[in-house]
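One structure below.
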Amino acid sequence: MTPNKRPAWLIPAVAGVLILLPFAYSLGRFAWVRTFTAPKPFLEIASAPSQRCVRDPKWMRQNHKIFLNELRDKTVREGIRSNVTLNSCSQCHKDKTRFCDKCHQAANLHPDCFDCHSYSAAGSPAVLLRGGP
């Protein structure tokens, strides 16, 4: 080997390392993140479980957004009022910060329901904060 001559394998080896480095980093990061998963947020159990809960709690955890959107659409677009409102939820789930906000923050969600509506204490009517009658 002469002093200015590089070995024939050096350039392909360096190129291979540079090409595979991002993949190796991603795999390593994936393995690291999987070992340190975030804990599930604690959700407050209803203070006075109602026999009249609108749906099964397991179903509501997954589908409450769809359910509330359907109620909203029926009320706003079709004029059909339901007996299920945010007041219905607040009768058993009294503390919004411990019930709604904790899970939404853990999932990095920012629902816009409470831009207009307040989550009232049990027994007091919900308040529309802006717009509408």
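The values are calculated or read from the model by the stated rules, or taken from the named source; none is laboratory data. The structure presented is a predicted model; accordingly, all values stated were derived computationally and were not measured. Cβ coordinates were reconstructed from backbone atoms using ideal geometry, including for glycine residues, and neighbour counts include every protein chain displayed.
Data for the structure
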| read-out | value |
| --- | --- |
| Leu18 vs. criteria modelled with pLDDT of 65 or more, part of a helix (DSSP H, G or I), of a type outside the set (Val, Ile, Thr) and surrounded by 11 or more Cβ atoms within 10 Å (Cβ to Cβ) | no |
| Contacts under 9 angstrom Cβ, first residue in the range 91-119 being surrounded by 15 or more Cβ atoms within 10 Å (Cβ to Cβ), partner hydroxyl-bearing (Ser, Thr, Tyr) and not in a loop (DSSP other than H, G, I, E, B), 6 or more apart | Lys96/Ser90; Phe99/Ser90; Tyr119/Ser90 |
| Pairs, first surrounded by 11 or more Cβ atoms within 10 Å (Cβ to Cβ) in the range 47-75, second modelled with pLDDT of 85 or more and of a type in the set (S, T, N, Q), C-beta under 8 Å, six or more apart | Arg55/Asn63 |
